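Undergrad: Can you read through this structure? Questions will come right after.
The values are calculated or read from the model by the stated rules, or taken from the named source; none is laboratory data. The model shown is predicted, which means the values in this text are computed figures rather than measured ones. Cβ coordinates were reconstructed from backbone atoms using ideal geometry, including for glycine residues, and neighbour counts include every protein chain displayed. Side chains are part of the model used for accessible areas, which takes the heavy atoms of the whole protein and leaves out ligands, DNA and RNA. Shrake-Rupley method; radii C 1.70, N 1.55, O 1.52, S 1.80 Å.
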Amino acid sequence: MSGLYSQHLNRPWLRWVRNGLIALVLILLAAATLFPIYYMIVSSFGAPVEAGGASYSLFPTTLTLDSYKFFFDFSPYSARWLLNSLIVGVITVLGNVLFASMAGYAFAKIRFKGKRFLFFALLCAMMIPYQVTQVPLYMLMVNSLHMDNTYAALVAPTFVTAYNVFLCKQFMSSLPTEIIECAKIEGCNQLQIYWKIILPLSKTVLAVMAILTFMNSWNNFFWPFLMTSKDYMQTIQVGLKNFKFANTTYFAPMMAGATISALPMFILFFSLQKYFLEGVTIGAVKG
Amino acid sequence: MKKTASLNYSTGKKWRLTGEDMWGYAFIAVAMIVFCVFTVYPVISAFFTSFEKYKPLGSTFVGLENYKTTFSSSLFYKSIWNTLVYTVFTVPLSLCISFIVAILILPFKKKVQSLFKSMYYLPAVASGVALSVVWLWIYDPLPTGLLNSLLANFGISNVNWLGSSDTAMFSLILMALLAGHGTQIIIYLAALLGVPSSLFEAADLDGATFLQKVWFIVLPLVKPTTLFLLVTGVIGSFQVFMNAYMMTGGGPDNATTMVGLMIFNNAFKYSDYGLACAQALILAVVIAAISLLQFKLMGEDVEY
């Protein structure tokens, strides 16, 4: 592939041996990385007994779904936590795909006064650690607006993120301006240009953005934790935390809970791998 | 298009908004409202709150009291120290591991590369809560705990990994180092694939060894990537919260209390919002200063 490695053109067997050894090292390292996940899934099929009597086997000795049942029996809202995570995730994705792409298009292609300043302000916002905004946002939502335990409160702060606006702007800047000029001459207004030209051309980047946004929303713990004092509004991550602190000695059920919280993301990852992997580099290269 | 616009400006009609302007504002409206309410307002509010003592029935202005309390509290310095230790041991090492793995993945065909990328990225898909729960049990202090029973095979006696102040921080660092570097590996790999092969061909003609090629060609060329990963890694590490909160609660004896957890405790455990805001602002300044320092030290010949 790359010229960094010698191709050993005169002795191809040497290349095979070398690549075999490298692959072996990589597989061993990957095994170490993947081990906690393997352990989590395997142990989740154990019996829901207190840890003193449990055995931490590396291989499945029993195969029962009792621990999953134990987790769902823990709270009457266990299943609803999953639903809440899904609802919050979907609304967040819709908000970001629609409004971040609109803002991204405006910042990339529309000439309006104050554009540079506003975009610069957005960039600065990405540098602010979340701890700074957390306390005032909490006071705003809970003390002033009394919006805690609502979906609106869970979604609102990430409904359009500066990062996603930035991503869209980066991508849309690379689209040829000529198409837009042509469309204008044909009599399209900006909304039509956005809807009929820009959106179809940005499908891939928006898909990547949607997936990463959904993953971040699903895995987000801090904000839902602050916003949900009521069981029935909690997301799966908050629920798992409650379960952990309430059942400190139940090994297998805790693993079952962790598996439940992670499994939807694993399924999504395996079905949309290409987009996930693309998403990692999309924000980093030329960032 | 361009001409008419510049004409407008030169004739002094600066503040007349054109149709194009209105479209621009309409398109960014929602994003800007969210931005103002959920970023600009909280930042300003945090600034004012940091000069107040919070009381349920109206806060009182206390001047610099919160900042004074912060700088005279030993826990503040301890948490900064813990954060620094955690950062110094996790971020550079994790960069090294990622770089080496990316180099190792490089010689394979595209399909095999993707396979390895997926394997290394998978842990990043699981939530921090789930991973913390799993590691909590790996570090189970009983002799039957996974890590303890594994080490018993090598004659190492039982360790109370998270419960003893000697090993608690080490345990969190080990977890961070083993929990996966998928994102960084993928970013490094993308940078490596961008190195032009003509450079390697020239080096081959000069008889350069593999390590020489890595040292003199690859490392300088991926320096912007390294800088990017270093800065984002340090920023992330300074805000770390989940592992300490879920696994040790900051203990034992605050051995794993890091800045993120300290601010969280002050705000949501002790309801001392003013103090928490003051500390969060200090954290923001520290992070900004460290990022700038990194750019200055490393970024002189990096173009962006």
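Undergrad: Taking only Cα atoms and a 10 Å spring cutoff, compute GNM fluctuations for chain B and point out the largest among B:Lys110, B:Lys68, B:Lys269.
TA: Of B:Lys110, B:Lys68, B:Lys269, the most mobile in the Gaussian network model is B:Lys110.
Undergrad: Longer than 19 Å from Cα to Cα, which of A:Lys203/B:Lys109; A:Lys203/A:Lys274; B:Lys55/B:Lys269 are they? Say none if no pair is.
TA: Over 19 Å Cα-Cα: A:Lys203/B:Lys109.
Undergrad: Okay, moving on. Mind listing which chymotrypsin sites (Phe, Trp or Tyr not before Pro) in segment B:63-149 are in a DSSP loop and have 10 or fewer other Cβ atoms within 10 Å?
TA: Passing both the DSSP loop test and the Cβ count: no residue.
Undergrad: Now for a separate question. Scanning chain A for helices, which whole DSSP H stretches are 20 Å or more long along the axis (Cα) and average 1.6 or more by Kyte-Doolittle?
TA: Details: long enough: A:12-43 (44 Å, 1.47); A:78-95 (26 Å, 1.48); A:203-219 (24 Å, 0.98); A:251-271 (30 Å, 1.66).
Once both thresholds are applied, what remains is A:251-271.
Undergrad: Quantify, in whole percent, the carbon and sulfur part of the accessible surface of chain B (1.4 Å probe; protein heavy atoms only). Please list the in-between numbers first.
TA: Values: 10270 of 14830 Å².
With neighbouring chains kept in place, the figure for chain B is 69 percent.
Undergrad: Let me ask another. Mind checking the mean number of beta-carbon atoms from other chains within 10 Å of the Cβ atoms in B:204-217? Write out the running numbers ahead of the final one.
TA: On the way: counts 2, 0, 0, 0, 0, 1, 3, 0, 0, 4, 1, 0, 0, 2.
For this peptide, the per-residue mean of nearby foreign Cβ atoms is 1.
Undergrad: Quote the total accessible area buried by chains A and B together, excluding ligands, DNA and RNA, probe 1.4 Å, nearest 100 Å².
TA: So the total buried area for this chain pair works out to about 8600 Å².
Undergrad: Is there a simple number for the mean count of other chain Cβ atoms within 10 Å of the Cβ of residues in B:177-189, and what is it?
TA: Mean partner shielding for this stretch: 4.
Undergrad: Rounded to the nearest 0.05, what FRET efficiency do B:Tyr270 and A:Lys69 give with R0 = 25 Å and r taken as the Cβ-Cβ distance? Could you check? Don't skip to the end; give the middle numbers.
TA: Numbers: r = 38 Å, r/R0 = 1.54.
Calculated value: 0.05.
Undergrad: Taking the Cα-to-Cβ direction at B:Leu142 and at A:Ser144 and moving 7 Å from each Cα, how far apart do the two end points lie in nm?
TA: Here the modelled spin labels are 5.0 nm apart.
Undergrad: Moving on. Can you show me the helix-derived [θ] at 222 nm for chain B, built from DSSP H runs with n ≥ 4 at -39,500 (n - 2.57) apiece and divided by the number of residues, rounded to the nearest 500.
TA: -20000 deg cm²/dmol
Undergrad: Quick one: order B:Lys296, B:Lys111 from most to least accessible surface, probe 1.4 Å. Please report the intermediate quantities before stating the final value.
TA: Details: B:Lys296 135, B:Lys111 175 Å².
Correct descending sequence by accessible area is B:Lys111, B:Lys296.
Undergrad: Counting only residues 5 or more places away or on other chains, whose amide H sits under 5 Å from the amide H of B:Glu52 once H atoms are built in the peptide plane?
TA: Hits under the 5 Å cutoff: B:Val62.
Undergrad: At a 1.4 Å probe, what is the % contribution of carbon and sulfur to the accessible area of segment A:12-69?
TA: 77
Undergrad: Could I ask something else about it? For chain B, what is the accessible area per residue in Å², given a 1.4 Å probe and the full set of protein chains? Each step should come with its number before you reach the end.
TA: Values: 14830 Å² over 304 residues.
For chain B, the solvent-accessible area averages 49 Å² per residue.
Undergrad: Also, quick follow-up: Label points 7 Å out from Cα along the Cβ direction at B:Val214 and A:Phe59: separation in nm?
TA: Taking the two extended label points, one gets 3.6 nm.
Undergrad: Could you give log10 I(q)/I(0) at q = 0.15, 0.17 Å⁻¹ for segment B:74-301, computed by the Debye formula over C-alpha point scatterers of equal weight, without solvent?
TA: The Cα Debye sum returns log10 ratios of -1.09, -1.24.
Undergrad: Moving on. Show me the helices of chain B, taken as full DSSP H stretches, that run 30 Å or more along their long axis by Cα and average -0.5 or above in Kyte-Doolittle hydropathy.
TA: Qualifying helices: B:74-105, B:273-298.
Undergrad: For the pair A:Gln273/A:Ile27, report the inter-label distance in nm, with labels modelled 7 Å from Cα in the Cβ direction.
TA: For the pair A:Gln273/A:Ile27, the computed spacing is 1.6 nm.
Undergrad: So, one more: Can you give me the orientation-averaged projected area of the convex hull built on the Cα atoms of the protein assembly as shown, in nm²?
TA: 32.7
Undergrad: Continuing with this model, one more query. Determine the sum of side-chain charges near B:Ser114: Lys and Arg each +1, Asp and Glu each -1, restricted to other residues whose C-beta is under 15 angstrom from that of B:Ser114.
TA: The answer is +4.
Undergrad: Using R₀ = 35 Å, calculate the FRET efficiency as 1/(1 + (r/R₀)^6) where r is the Cβ-Cβ separation of B:Ser114 and A:Trp13; round to 0.05.
TA: On the way: r = 26 Å, r/R0 = 0.74.
For B:Ser114 and A:Trp13, the calculated efficiency is 0.85.
Undergrad: Using a 1.4 angstrom probe, figure out how much accessible area segment A:140-287 has per residue, in square angstrom, rounded to the nearest whole.
TA: Accessible area per residue, segment A:140-287: 41 Å².
Undergrad: Given a 10 angstrom Cα cut-off, can you work out which residue in B:Leu17, B:Leu95, B:Leu151 is the most mobile in a GNM of chain B?
TA: Of B:Leu17, B:Leu95, B:Leu151, the most mobile in the Gaussian network model is B:Leu17.
Undergrad: Once you list every other residue whose beta carbon is under 15 Å from the beta carbon of A:Gln234, what net charge do they have if Lys and Arg are +1 and Asp and Glu are -1?
TA: +2
Undergrad: Please report, for the Cα atoms of chain A, the Rg to one decimal and the Dmax as a whole number; what are they, in angstrom?
TA: 24.2, 77
Undergrad: Now, a different point. Ranked by accessible surface with a 1.4 Å probe, highest first, in what order do A:His8, A:His146 come?
TA: Descending accessible area places them as A:His146, A:His8.
Undergrad: Shielding by partners for A:230-237, please: the mean number of other protein chain Cβ atoms within 10 Å of each residue's Cβ.
TA: 1
Undergrad: Considering segment A:76-246, what Rg and Dmax in Å follow from its alpha-carbon atoms?
TA: Cα only, segment A:76-246: 18.8, 65 Å (Rg, Dmax).
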